[in-house]
1. Got a number for residues in region B:229-239 being over 21 Å from the mean Cα position of the chain (by Cα), in contact (Cβ under 8 Å) with a residue 24 or more places away in the chain and surrounded by 10 or more Cβ atoms within 10 Å (Cβ to Cβ)?
2. With respect to B:L214, determine if the residue is open to solvent by less than 20 Å² (accessible area, probe 1.4 Å), within 13 Å of chain A (Cβ to nearest Cβ) and in contact (Cβ under 8 Å) with a residue 24 or more places away in the chain.
3. I'd like the residue in region A:34-60 that is open to solvent by 30 Å² or more (accessible area, probe 1.4 Å) and in contact with a helix residue (DSSP H, G or I) (Cβ under 9 Å, 6 or more places away or on another chain) and, out of all such residues, is farthest from the other protein chains (Cβ to nearest Cβ).
4. For residues that are crowded, with 17+ Cβ neighbours inside 10 Å and touching a strand residue (DSSP E or B) at 6+ places or on another chain (Cβ under 7 Å), scanning just region B:16-38, find the one that is farthest from the other protein chains (Cβ to nearest Cβ).
5. Return the residues of region B:190-202 that are within 10 Å of another protein chain (Cβ to nearest Cβ) and either crowded, with 16+ Cβ neighbours inside 10 Å or free of Cβ contacts under 8 Å to residues at least 24 places away in the same chain (or both); say none if nothing qualifies.
6. Among the residues of region B:217-227, count how many are more than 14 Å from chain A (Cβ to nearest Cβ) and either touching a residue at least 24 places away in the same chain (Cβ under 8 Å) or within 12 Å of B:V155 (Cβ to Cβ) (or both).
7. Just to verify a result, which residue in region A:15-33, among those that are facing chain B (nearest Cβ under 9 Å) and part of a strand (DSSP E or B), is nearest to the chain's Cα centre (by Cα)?
8. Could you identify the single residue in B:A91, B:A154 that is under 22 Å from B:C247 (Cα atoms) and crowded, with 21+ Cβ neighbours inside 10 Å?
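The values are calculated or read from the model by the stated rules, or taken from the named source; none is laboratory data. Since the structure is predicted, the reported quantities are computational estimates derived from the model, not experimental observations. Cβ: placed from backbone, ideal geometry, glycine included. Neighbour counts: every protein chain shown. Ligands, DNA and RNA are excluded from the accessible area calculation, which covers all protein heavy atoms including side chains. Shrake-Rupley method; radii C 1.70, N 1.55, O 1.52, S 1.80 Å.
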Amino acid sequence: MKVKVNGQEKEVGQNVSAANFLSSIGFDKNSGVVECNLKILKTEELDKVVLKDGDSLEVLRFVGGG
Amino acid sequence: MKNENFERYQRQLLLKEFGIENGSEGQNRLLKSKVLVCGAGGLGSPVLTYLAAAGIGNIGICDSDVLSESNLNRQILYCESDLGKQKALLAKERLEKFNSDVFFETYCERLSEENIESIFRKYDIIVDAVDNFPTRYLINSAAYKNGLPLICGAVCEFDGILTTIVPKEKTACFHCIYPNKPGENITKTVFGILGAIAGTIGVMEALEVIKFILDLNCLKNKLLVFNGINNSFRIKDLQKRNNCPSCSNI
């Protein structure tokens, strides 16, 4: 199945949690904000959410320096 | 605009948005604007330089730090002989020589709940160019509460972000972008920053200020996400959050 990550399509297997998927693309779940279908996911929710075909993820790391 | 200034701004007056066709209305707007730049470091250096170059009439410079050697890879307003001196004062001294049309005021103090509103009150537009999350949330709340437009840019490693927040149009704020505040794994870590990455976002912050003053297309309800490794600029739509602690009740 396919999900979108920051607007780009990615292949994902069945029954993959958001946390496992983010880990597979190298995103540390404590390093930013994750939205799934426009809903913010709390860090503790990422293990419970199982991705579905067509889900749209927005992943934004914390950027606060200057 | 005074006639003697015409030559200085001649090349931007050729732009119709500024411009000769409408009697220099755009340039006059810049000269009458009051912009506060919070942070005179890696972002603040290019922001201040390009705002002064464009002819913003009144610029506030707020930074409590003195210059250290590790600043010099990115804070391009300063020289080796400036080490140990107050950055806001150094920036004022340098920029006054660069453009004497501009009035500069300095604030060599850390922004806090106690001083922020009295400083913000003197300005039309605020630029967030600070280096830490707690001050960013503070600036965001105070700007929203006081109805002041806020140009917000930040960098970390090879990444940069940029947005324009307009309280009177009830746009999404910094707290809407990052509703879950970062933990100590982020706030206590010293991340790498390359001068050219801070420069890219700082220049774009200055451009957002100028476009805002000229009523041009700004990043309202949009977040520009830059990655310097992939050479990518992505624009993400933002949504104001109904339960945002900083902007939902204003």
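1. Of the residues in region B:229-239, 1 are over 21 Å from the mean Cα position of the chain (by Cα), in contact (Cβ under 8 Å) with a residue 24 or more places away in the chain and surrounded by 10 or more Cβ atoms within 10 Å (Cβ to Cβ).
2. no
3. Checked region A:34-60; the qualifying residue farthest from the other protein chains (Cβ to nearest Cβ) is A:V50.
4. So the residue we want is B:S33.
5. Across region B:190-202, the qualifying residues are B:V190, B:I193, B:I197, B:A198, B:I201, B:G202.
6. 3
7. Residue satisfying both the conditions and the ranking: A:V33.
8. Result of the check over B:A91, B:A154: B:A154.
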